[in-house]
Amino acid sequence: MQISRSKDLFAKAQNSIPGGVNSPVRAFRAVGGDPLFINKANGPYLFDEDGNQFIELINSWGPMILGHNHPQIREAILKAVETGTSFGAPTAREIEIAELIVSMVPSVEKVRMVNSGTEATMSAIRLARGFTGRDKFIKFEGNYHGHGDSFLIAAGSGAVTMGQPDSPGVTRGTAKDTLLAPHNDLEAVKKLVEANPNEVAAIILEPVAGNMGCILPKEGFLQGLRDLCDKEGIVLIFDEVMTGFRLAKGGAQEHFGVTPDITTMGKIIGGGMPVGAYGGKKEIMDFVSPAGPVYQAGTLSGNPIAMAAGMAMLTYLNENPSVYSTLEASGNRLLKGFQATQEKLGLNYTMTHLGSMFSLFFTDKEVYDFESAKTSDTGLFGRYFQAMLHRGIYLPPSQYESWFLSTALTEEHIDQIIDANEESLREVL
Ligand SMILES: *Cc1c(COP(=O)(O)O)cnc(C)c1O
């Protein structure tokens, strides 16, 4: 595979951009080698600057659930551009998307649009604190909630990959209000709450974790948190930036039948444009300014182009429930194929999967939290990643990121991935 243009661009990028990238994981540091510079994307394919074509399993880290350059979303964006790109004033389109989100996501009665998942989670925590009058909150090890200061404590995603779970610049004053529990450990959460009586404003989690690889909730874990929060007057926040509109049109809360008080959203919600949102019960959301005292604002929030893209995406998902059965079928086909390969090669690596989320962990241990995820052989993952890339499969460049399927993948594409997996495993083991 020829990647000389990407190599040149990456070298040039170092001069004007820190590390050559605008988000750390893109630099491929966890897997070695130079990152590919992408020139265009269409359907299930990415094309790099050297003209190589790849089957996509990142899909912009989630948003492109329908594949790239989907005609309905492209048309909606082009149409919106003709009437101006930003007004800084309310538009009818914002009511439409708010009403659609409320109709799709079970626990959301009112919703505020922001510009990223990071903004959504930062705002949700401020709101939970303002609403309860309490300062502390509980998060889970290996969960990633964007790069807000109070979340960069044992965080997943790039923070794991870069080996800086506690970033310099986050003050001890901030960190002391973030309480940590092992993922999937309800007893540990109960102990934390007991040890901090009437001090815990919120519990925030990824209902299906995706930022330490894909990790499913244990039976009863989500409901146990719900019950505990009800008993203790704690605000339960599902960070559905990744799972929202992905695991079902109403996200993980619809899939598992457990409803949080506040939901944070992002990624898919913008159809590829920079959008986030947080929503929940009316009584809580009415604490947000200007209805209530908790301040939160945004010059470009509810941006008309972004709203048009998001509206087109959500409308499509709302009107085509077959999206979710298609993704489930693709996920099952991938899992079965990988299982057959492992049997053939006498391997026992752990795989996790729900709908269109998938992880292959290079460990034979069960993976249910951050510690067990870290038993993976990340060096082996790096070699496997490169072997897959050379066979035209573009995986997330880290063991600790979920793979994302899109509806643009046909059975043939899935079979190509399965074949590449077998060849790659044979090469690297
Ligand atoms: C990606 C992600 C975020 C951060 O969203 P950004 O748009 O990157 O700021 C927050 N929470 C979860 C669960 C995510 O996957």
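Scan the stretch 226-240 and tell me whether some residue there is assigned by TED's automatic domain parsing to the domain that holds Phe137, within 29 Å of Leu405 (Cβ to Cβ), more than 11 Å from the ligand (Cβ to nearest atom) and assigned to a loop (DSSP other than H, G, I, E, B). Scanning the stretch 226-240 turns up no residue that is assigned by TED's automatic domain parsing to the domain that holds Phe137, within 29 Å of Leu405 (Cβ to Cβ), more than 11 Å from the ligand (Cβ to nearest atom) and assigned to a loop (DSSP other than H, G, I, E, B). For first residues located in the stretch 150-169 and within 15 Å of Gln399 (Cβ to Cβ), partners that are at pLDDT below 60 and more than 13 Å from the ligand (Cβ to nearest atom) and lie 6+ apart or on another chain with Cβ distances below 6 Å form the pairs Ala159/Pro165.
Scanning the stretch 1-16 for residues that are under 22 Å from His390 (Cα atoms) and part of a helix (DSSP H, G or I) gives Ser4, Arg5, Ser6, Lys7, Asp8, Leu9, Phe10, Ala11. Glu254: at pLDDT 95 or above, of a type outside the set (A, V, I, L, M) and within 16 Å of the ligand (Cβ to nearest atom), yes or no? No: the conditions fail for Glu254. Does the stretch 68-81 include one or more residues that are part of a strand (DSSP E or B) and either modelled with pLDDT of 95 or more or within 30 Å of Val258 (Cβ to Cβ) (or both)? The answer is yes, given that some residue of the stretch 68-81 is part of a strand (DSSP E or B) and either modelled with pLDDT of 95 or more or within 30 Å of Val258 (Cβ to Cβ) (or both). Taking the listed residues Gly19, Gly62, the one that is small (Gly, Ala, Ser), within 23 Å of Glu401 (Cβ to Cβ) and not in a helix (DSSP H, G or I) is Gly62, with no other qualifying. Restricting attention to the stretch 120-138 and to residues that are within 11 Å of the ligand (Cβ to nearest atom) and touching a residue at least 40 places away in the same chain (Cβ under 8 Å), the residue that is nearest to Glu199 (Cα to Cα) turns out to be Ala124. Could you please find all residues in the stretch 35-59 being surrounded by 16 or more Cβ atoms within 10 Å (Cβ to Cβ) and in a loop (DSSP other than H, G, I, E, B)? Scanning the stretch 35-59 gives Pro35, Leu36, Phe37, Pro44, Glu49, Asp50, Asn52, Leu57, Ile58, Asn59. Mind checking whether some residue in the stretch 104-119 is within 16 Å of the ligand (Cβ to nearest atom), out of contact with any helix residue (DSSP H, G or I) (no Cβ under 9 Å at 6 or more places or on another chain) and not in a loop (DSSP other than H, G, I, E, B)? Taking every residue of the stretch 104-119 in turn, at least one turns out to be within 16 Å of the ligand (Cβ to nearest atom), out of contact with any helix residue (DSSP H, G or I) (no Cβ under 9 Å at 6 or more places or on another chain) and not in a loop (DSSP other than H, G, I, E, B). Against the criterion of being within 16 Å of the ligand (Cβ to nearest atom), out of contact with any strand residue (DSSP E or B) (no Cβ under 7 Å at 6 or more places or on another chain), of a type outside the set (Gly, Ala, Ser) and not assigned by TED's automatic domain parsing to the domain that holds Ser424, Met273 qualifies. Look through the stretch 382-393, keep the residues that are crowded, with 22+ Cβ neighbours inside 10 Å and not aliphatic (A, V, I, L, M), and return whichever of them is nearest to Glu56 (Cα to Cα). So the residue we want is Phe385.
The values are calculated or read from the model by the stated rules, or taken from the named source; none is laboratory data. Just so we're clear, the structure is a prediction, and the values are computed from it rather than from any experiment. In this analysis, Cβ positions are derived from the backbone assuming ideal geometry, glycine residues included, and neighbour counts consider all displayed protein chains.
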